[in-house]
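The values are calculated or read from the model by the stated rules, or taken from the named source; none is laboratory data. Owing to the predicted nature of the structure, the values given are computational and were not obtained by experimental measurement. A quick note on method: Cβ atoms are made from the backbone with ideal geometry, for glycine too, and the neighbour counts reach across all protein chains shown. In case anyone asks, the SASA skips ligands and DNA or RNA and just uses the protein heavy atoms, side chains included. Shrake-Rupley method; radii C 1.70, N 1.55, O 1.52, S 1.80 Å.
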Amino acid sequence: QVQLVESGGGLVQAGGSLRLSCAASGDTICISAMGWYRQAPGKERELVAVMHSGGSTNYADSVKGRFTISGDNGKNTLYLQMNSLKPEDTAVYYCNADRRLCGPPKYDYWGQGTQVTVSS
């Protein structure tokens with residue numbers, strides 16, 4: 001199993017920056033990819049950024065050039081550096097892990113989420 005705990009959310013003015021952290025524990029060797037998703041009230045959950053085991057990254061068009069996903073291998077921690085924040089970035093941000101390199105019990109894990117609020 002994999003446990004994910006997000007932190008770093010908060011209230012920030014437009015144009016400011018935040019760095020989100022996701023601490024992973026458990027079967028971390030089994031993880032093939034990790035990513036960040038977000039969901040605003042009344043909106044569908046959307047992919048923000050993903051980092052694959054091979055080192056490649058992908059970003060949503062809405063955050064490209066402003067957000068950076070990275071990881072600390074020694075600490076099993078995933079980061080999302082968010083710069084030039086906009087009010088439309090306001091959402092609950094969730095960490096996700098794809099545990100497909102090993103067998104059961106399951107292959108998809110989520111953190112509890114952390115609130116990011118950007119004021120204008």
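A few points about this structure:
- When the residues of segment 11-22 are filtered to those that are among the small types (Gly, Ala, Ser) and open to solvent by 50 Å² or more (accessible area, probe 1.4 Å), the one that is nearest to residue 112 (Cα to Cα) is 17.
- For segment 103-120, the set of residues classified as assigned to a loop (DSSP other than H, G, I, E, B) and either surrounded by 13 or more Cβ atoms within 10 Å (Cβ to Cβ) or touching a strand residue (DSSP E or B) at 6+ places or on another chain (Cβ under 6 Å) (or both) consists of 107, 111, 113, listed by residue number.
- Scanning segment 14-39 for residues that are of a type in the set (A, V, I, L, M), part of a loop (DSSP other than H, G, I, E, B) and over 15 Å from residue 95 (Cα atoms) yields a count of 1.
- Residues in segment 48-89 that are hydrophobic (A, V, I, L, M, F, W, C) and part of a loop (DSSP other than H, G, I, E, B) were compared, and the one that is most open to solvent (accessible area, probe 1.4 Å) is 60.
- Filtering segment 2-19 to residues that are among the hydrophobic types (A, V, I, L, M, F, W, C) and closer than 14 Å to residue 110 by Cβ leaves 2, 4, 5.
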